[in-house]
Amino acid sequence: MIDHLRGRLSGGGKDFVVVECAGVGFRVHVSSLTRADLPPEGESCWLRTFLHMREGGSDLFGFSSETEREIFLAIIGVSGVGPKSAVAILSVMGIAGVLSACAREDAAPFTRVPGIGKKLAQRVALELPDRLKKVTVEYTPVPAGDGIAASSAPEVEAAEALIALGFNRGEAQVVVASLRKEAGADAPAEVLIRGALKRLSGPRR
């Protein structure tokens, strides 16, 4: 399996890029998330990858973050969802959108993805949450100090994870702080993140 590519971005289209490595151009399918993260054409880039073998050939998929690749792998683990559909889900919904929908077990957002019908969306909403439990969300940890008590480490970790997923910093911190009061000081970051996703993705008043 090809784990990653490092080379020069030498072209591409709406849903793919070409990465030149040692004179060989690799055509890599990417989501709109990864496409937006890549540098201008001609500059060096680095992509995590997944090689999908199929009858008659193979396809290479690229990701700008390990979180996106893990979510992609979880999605294609759902019966009936192929790699290109998984990329489409990530392009339309984004990482935060996928996690939010799964936290609520809501099939409706998945129906907005081209090629995902109502029945398949329901299957994704039912099966994907369990598969996502092992996904590690990438974020930049906030060091202790500057007034942050050691006992608030899970709260800080949860807030930073939500911010990395695209949520507003202030809103994320307020929601996580509220959940920590409800769940108790010993609540782990994973519990706070999942609770916050449900609350942040709920109906707005």
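The table below lists the values:
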item	result
Nearest-0.05 FRET efficiency for E43 and N168, computed from C-beta distance (R0 35 Å)	0.70
Efficiency of FRET between R54 and K198 - r from beta-carbon atoms, R0 35 angstrom, step 0.05	0.45
Directionally averaged shadow of the range 21-143, computed from the convex hull of its alpha-carbon atoms, nm²	9.6 nm²
Cβ-based exposure ranking for D106, D186, in which fewest neighbours within 10 Å come first	D186, D106
The chain: relative contact order in percent, alpha carbon pairs under 8 Å with at least 6 residues between	14 percent
Eligible aspartates and glutamates near K118 by straight Cα distance, threshold 12 Å, same-chain separation 8 or greater	D106
Of F167, V19, A185, farthest towards positive along the dipole that unit charges on Lys, Arg, Asp, Glu beta carbons give the chain	F167
Histogram of C-alpha separations across the range 66-132, 5 Å bin width, %	3, 21, 37, 31, 7, 0
Listed candidates (i) 17.4, 53; (ii) 18.5, 59; (iii) 24.3, 75 - label of the one calculated as Rg and Dmax of the Cα atoms in Å	(ii)
Burial ordering of E105, E182, fewest other beta-carbon atoms within 10 Å first	E182, E105
Quarter of the Cα convex hull surface for the range 150-200, i.e. its orientation-mean projected area (nm²)	2.9 nm²
Mean ellipticity per residue at 222 nm, deg cm²/dmol - from DSSP H runs of n ≥ 4 across the chain, formula -39500 (n - 2.57)	-14500 deg cm²/dmol
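Quick note: the coordinates plus some simple rules give every number you see, no bench work behind them. All values reported here derive from a predicted model rather than from experimental measurement. Every residue, glycine among them, receives a Cβ derived from its backbone with ideal geometry; neighbour counts consider all protein chains shown.
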